[in-house]
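The values are calculated or read from the model by the stated rules, or taken from the named source; none is laboratory data. Remember, predicted model here, so these are calculated numbers, not experimental data. Note that each Cβ is placed from the backbone with ideal geometry, even for glycine, and that neighbours are counted across all protein chains shown.
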Amino acid sequence: MKKDDVLQLTIEDIGSDGEGIGHIDLSAGSYDEPQRRYTIFVKDAVIGDVVTVKIMKALQSFAYAKLVSIDKPSPDRVEPKCPIAAQCGGCQIQALDYNKQLEFKQKKVMNDLVRIGGFDESLISEITDPIIGMEDPYCYRNKEQVPVGTDKDGNPVTGFYASHTHSIVPMTSCAIGDPENDLILNTILDYMKAENVPSYDEKTGAGLLRHILIRSGVYSREVMICLVVNGDSLPSEEKLVELLRVLPFVTSISINTNKSRGNVILGRKLRVLWGEESIVDTLHIYKVEYEETAHFIPTGEAVNFRISPLSFYQVNPKQTEKLYSIVLEYCRLNGHETAWDLYCGIGTISLFLAKHAKEVYGVESVEDAVRDARNNARLNNIENVEFETGRAEDVLPAYVDRHKSEHRKHPVDVIVVDPPRKGLDDVTIGVMLAMAPPRIVYVSCDPATMSRDLKKLTAAQKDAAGNEFSYKLQRVQPVDQFGHTVHVETVVLMSRVEGK
Ligand code: SAH
């Protein structure tokens with residue numbers, strides 16, 4: 001196999017960046033050499049397509065190829081709703097039917113648990129529930145961070161970065177974002193033209209407007225607009241406010257100053273131009289009942305969150321409330337328990353648990369997030385939760401040591417973890433196993449690192465008295481938080497079982 005070779009193949013799988021994967025059998029070079037299965041990655045091809053491709057880069061066991069033609073489209077190929085889906089880096093698999101996307105994600109979670117986690121295939125099939133898909137896989141994101149640039153004619157444009165690059169593909173309406181944003185972006189572009197506001201230029205560091213951050217409350221319908229500026233102000237700010245404040249649902253307009261070079265979108269300085277600094281949104285708590293698949297029954301309970309331009313907040317609240325309702329269900333709380341929420345962010349899961357536990361401890365490394373978490377607890381009049389700033393691998397051992405020196409047992413009924421993509425640290429895993437709560441709930445945005453961690457968490461253990469125990473996987477629930485992307489979330493319940 002070499003560069004510029006042209007060949008035909010069938011796409012059988014999806015790679016980690018959404019590219020299609022096919023195989024060919026390389027014939028044996030000599031009689032004692034076996035046939036070799038050779039893997040080819042093809043961007044913009046979907047499972048089931050028969051395609052002709054041209055090899056761009058050939059390595060020992062795999063190659064990257066360019067799509068030349070789709071000779072027989074997959075029966076699961078659909079017309080992407082977004083005209084620039086192929087160029088934009090945001091979605092990767094819009095051309096695949098949504099039900100097939102869900103099937104792919106379900107398989108990915110189960111395969112990783114078997115291949116990386118080393119769990120028995122029949123156990124995984126038995127305990128994994130069908131993935132929870134979105135009712136409407138479009139218009140679900142509550143946040144857009146849109147870069148501002150200049151087109152070849154010198155006009156300001158908003159758009160999205162093309163896949164793996166920093167060049168802007170012009171657009172004002174994103175198929176997975178809020179349709180109202182189109183009007184906001186066009187209004188800002190009109191203002192830029194009228195007032196000659198220069199777009200920021202990444203290469204030279206000159207220009208003013210860098211990014212536009214728009215956030216909307218799915219339930220509150222409040223909309224926040226934050227303009228990220230390479231400076232402290234914009235020309236004719238009153239005109240800008242006049243144009244934006246009359247748009248539907250807008251309740252907050254602010255300027256964020258970011259004079260740094262580089263990729264970080266937001267600076268630390270924020271100035272409100274009009275309205276409130278933050279918006280409020282709600283996550284509802286559901287009772288989950290399983291009847292083949294999960295059903296979500298409203299409980300009337302909800303948690304409110306105040307979201308400033310600088311705070312982290314889940315981008316798909318409708319799926320998040322389902323995800324966290326499952327976490328709550330898995331924790332089986334009845335008001336008497338002590339629960340830990342590691343990697344708690346702004347306290348989303350902690351506050352869900354606090355309503356049903358005796359006490360909750362949240363641990364988070366980012367100080368601003370902890371401040372938001374404490375404010376959110378206050379906003380909801382929740383008093384049985386405490387947040388600690390620090391890394392889980394530092395906070396947890398210190399907590400256990402403190403209890404040891406006070407000769408107290410540390411009563412922990414359930415530990416919930418929701419780590420970033422890289423998963424858990426070995427120290428954290430060690431302390432979790434030493435604390436040995438009856439239940440552990442793992443929330444993950446990367447099934448591969450989760451499977452690696454679950455292997456360690458389910459290894460045979462001995463407590464201080466020499467009694468053997470181990471954690472057993474009880475339930476696995478994949479959830480689609482990000483339709484049209486290759487990402488998948490998973491919640492796993494483990495229980496402590498005595499003996500071997
Ligand atoms: N459960 C939260 C956030 C999950 S994202 C929510 O639903 O909103 C993961 C969080 O882990 C981030 O907020 C990140 O800042 C935090 N984090 C990353 N490394 C950490 C560590 N070593 N210890 C504690 N928190 C960490």
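General observations
- Single residue of the range 386-406 satisfying the filter (away from the ligand (no atom under 12 Å from the Cβ) and small (Gly, Ala, Ser)) that is farthest from the chain's Cα centre (by Cα): Ser405
- When Arg475, Arg496 are checked against the criterion of being more than 23 Å from the chain's Cα centre (by Cα) and either farther than 18 Å from Ala434 by Cα or among the basic types (Lys, Arg) (or both), Arg496 stands alone in meeting it.
- Checklist (1) under 17 Å from Gln481 (Cβ atoms); (2) assigned to a strand (DSSP E or B); (3) within 16 Å of the ligand (Cβ to nearest atom) applied to Ala302, failing item: (1)
- Within the range 288-305, residues that are in contact (Cβ under 8 Å) with a residue 12 or more places away in the chain reach partners that are assigned to a loop (DSSP other than H, G, I, E, B) and among the β-branched types (Val, Ile, Thr) with beta carbons closer than 9 Å, at six or more positions or on different chains, in the pairs Thr293/Ile131; Val303/Ile382; Phe305/Ile346.
- Residue under evaluation Lys107, criteria (1) surrounded by fewer than 14 Cβ atoms within 10 Å (Cβ to Cβ); (2) farther than 29 Å from Val146 by Cβ, criterion not met: (1)
- Extreme residue, surrounded by the most Cβ atoms within 10 Å (Cβ to Cβ), among residues of the range 307-320 that are more than 11 Å from the ligand (Cβ to nearest atom) and part of a helix (DSSP H, G or I): Gln319
- Residues in the range 348-357 that are more than 9 Å from the ligand (Cβ to nearest atom) and either closer than 22 Å to Arg391 by Cα or in contact with a Ser or Thr (Cβ under 6 Å, 6 or more places away or on another chain) (or both): Leu351, Phe352, Leu353, Ala354.
- A single member of Ser220, Ser167, Ser163 is without any contact (Cβ under 8 Å) to a residue 24 or more places away in the chain and either in contact with a Leu (Cβ under 9 Å, 6 or more places away or on another chain) or among the hydroxyl-bearing types (Ser, Thr, Tyr) (or both), and it is Ser167.
- Qualifying residue in the range 466-476 (condition: surrounded by fewer than 18 Cβ atoms within 10 Å (Cβ to Cβ), within 16 Å of the ligand (Cβ to nearest atom), assigned by TED's automatic domain parsing to the domain that holds Leu351 and not basic (Lys, Arg)): no
- Filter result (at positive phi and buried (at least 19 other Cβ atoms within 10 Å of the Cβ)) within the range 270-298: Gly275
- Matching residues in the range 415-434 - criterion: being away from the ligand (no atom under 15 Å from the Cβ) and under 24 Å from Tyr324 (Cα atoms): Leu433
- Positions within the range 232-269 being β-branched (Val, Ile, Thr) and either exposed (fewer than 15 other Cβ atoms within 10 Å of the Cβ) or outside the structural domain of Thr204 (by TED's automatic domain parsing) (or both), in sequence order: Val246, Val264, Ile265
- Residue match in the range 331-347 (condition: touching a strand residue (DSSP E or B) at 6+ places or on another chain (Cβ under 8 Å), of a type in the set (Val, Ile, Thr) and within 9 Å of the ligand (Cβ to nearest atom)): yes
- Contact map, the range 340-361: first residue farther than 11 Å from Val412 by Cβ, second residue aromatic (Phe, Trp, Tyr) and near the ligand (Cβ under 9 Å from one of its atoms), Cβ cut-off under 7 Å, separation 6 or more or different chains; pairs are Gly345/Phe312; Ile346/Phe312; Ile346/Tyr313; Thr348/Tyr324; Ile349/Tyr324; Phe352/Tyr324.
- Test: residue in the range 443-453 that is in contact with a Gly (Cβ under 9 Å, 6 or more places away or on another chain), aliphatic (A, V, I, L, M), within 16 Å of the ligand (Cβ to nearest atom) and more than 24 Å from His284 (Cα to Cα): yes
- Summed over the range 148-177, the residues that are in contact with a Lys or Arg (Cβ under 7 Å, 6 or more places away or on another chain) and either under 26 Å from Val280 (Cα atoms) or not assigned by TED's automatic domain parsing to the domain that holds His211 (or both) give a count of 3.
- From the options Ala465, Ala459, Ala436, residue that is small (Gly, Ala, Ser) and within 22 Å of Ile349 (Cα to Cα): Ala436
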